């Protein structure tokens, strides 16, 4: 399973969460507040909010293991481990207690990732389950947001010389 396919499947899991916001399957860059807002603008009812996610792969570890019952000892299986960071951004509105509503969506995203672990593709599994590492306030440009960071490691099996 290719990294691009795994990433696309993670994106699909996130997009299935109600009112999750915009989901980008790569880390978005914004030089100004207006660009940031365009990347993460999301309408909930009659309100426009900052609400979105990015998915990034931060590396790749390769382990070569021989087949357990290989007829040809030169055959091998490659185990590829991809560390992913999934970042969430939610506009802050103290009068609406957005700290709590944003956290509920973060928990729903975690639940979707856990429940969807078998839909990432054939030969793909979690090495580490999704974990919420950071949930705090951050400032992007002039926007105060609730920021969430979920990490997980995904392992994919490739046979032969194809990664």
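Rule-based calculations on the coordinates, nothing more; no lab input. Every value quoted in this text rests on a predicted model; they were computed, and no experiment measured them. Glycine also receives a Cβ, built like all others from the backbone with ideal geometry; neighbour counts cover every protein chain displayed.
Couple of notes before you dig in:
- Contour excess over end-to-end distance, with Cα ends at residue 94 and residue 12 and 0.36 nm allotted per residue: 26.5 nm
- With a Förster radius of 35 Å applied to the beta-carbon distance between residue 142 and residue 61, the computed FRET efficiency rounds to 0.35.
- Where only alpha carbons of the range 1-139 are counted, the Rg and the Dmax (Å): 18.3, 67
- Full-extension gain in nm, residue 35 to residue 48, via 0.36 nm per residue minus C-alpha separation: 3.2 nm
- Gyration tensor (alpha-carbon) shape descriptor, the range 1-60, a/c threshold 1.5: oblate
- Inter-label distance, residue 114 to residue 149: 2.2 nm, where each label sits 7 Å from its Cα along the C-beta direction.
- Relative to the current alpha-carbon distance between residue 131 and residue 81, full extension at 0.36 nm per residue lengthens the span by 16.4 nm.
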